[in-house]
Amino acid sequence: MVLDFFDLVYLLLVLTGIIILVENRKERILYLISLQGLLLVIPIFQLHSFYELHTWILVAMVLIFKATLTPYILLWSIKKSKMNVHTKPRFGFLANFFFFIFGLLASIGVVNGLGELPQGIDKIGVIYVFLLMYLGVITFISRNHWIVLICGFIMIENGIFLLTLILHNGLPFGIEFGAFTDASLVIVAAAALQIRGDSIKKMGDNSLWT
C-alpha cells in the first residue's frame, strides 16, 4: 500500500506522539504538541471543501486552541511556577516499545474490522489515528508530571478530532466549539491549581524560616 500525502501527515502526527512519549524536557514536549496542532489543519482539507465557511472556522479553532493557546498556557505555567525543565517516565524505553507494538497490532486489528471507509480515506490513515489516541493513553500510564499528562489528554483529543473528520459528516459547529473551549478550560484550571499549589508551598517554606 502506497502512502499518499495525507497518510504521511497522519504518520507525522504519530511520530510527534512517539517523541512526546520518550522526550524528557517539558518545553520540547509543548513545542511538539503545538506542531501536532498545526498538522491537524491539513486533514481538515482532506474531507472538507476549501470553499466552505465551516472549513475555515475549524482551521481557525485548531490554530487558536490547539496550536497556540494550549501550548502557550502550559509553557507560561512552567515559567511562572519555575518548574524543573526535566521530567522522568515511570517506565523505560523497552517497556514503552512493547506498549507501542501492542497498540500498533491492536489498531491494525480494529481498523481491519471496520466496514467501508469514506471516499479518500484508506485504512493506513485510520490506523495512524487510532495509534495517536493510544499513544495519548500510554503517556497517561508511563508519565507522572501533570504537564505531560495533559499533553497525553491533548493527544487523545487530537485523535478523536481526526476520527470526527473521518466520519465525514462531522459534528455541529456548537458541539465542536464546545469541545475546544472545554479542553482549554481544563488546561487553564490545571495550570491555575498548580501555580496556587506552588505558591502555598513557598509560603509554607518561608514560614519555616520566620
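Computed over the alpha-carbon atoms, the range 1-160 gives an Rg to Rh ratio of 0.99, Rh here being the Kirkwood radius from the mean inverse distance.
In terms of surrounding Cβ atoms within a 10 Å radius of their Cβ, Met155, Met133 rank from fewest to most as Met133, Met155.
Report the full-extension gain for the segment Trp56 to Lys79: residue separation times 0.36 nm, less the Cα-Cα distance, to one decimal in nm.
5.0 nm
Comparing Cα centroids, the range 14-68 and the range 145-162 end up 12 angstrom apart.
Work through the residues other than Asp122 whose Cβ is under 9 Å from its Cβ and net out their charges, Lys, Arg +1 and Asp, Glu -1. In short, -1. Of the GluC sites (Glu not before Pro) in the range 1-75, the ones in a loop by DSSP (not H, G, I, E or B) with at most 11 other beta carbons within 10 Å are Glu52.
Summary of packing: across the peptides 94-101, 66-73, the per-residue average of other C-beta atoms within 10 Å ranks them, highest first, as 66-73, 94-101. Per-residue 3J(HN,Hα) values for the range 52-64, derived from phi via the Karplus relation 6.51 cos²θ - 1.76 cosθ + 1.60 with θ = phi - 60°, read 8, 5, 4, 4, 6, 5, 4, 4, 4, 5, 5, 5, 6 Hz in sequence order (x marks Gly and Pro).
Throughout, read-outs are computed from the coordinates displayed, never taken from laboratory work. Computed from a predicted structure; not experimentally measured. Every residue, glycine as well, gets a Cβ built from its backbone with ideal geometry; the counts of neighbours run over all protein chains shown.
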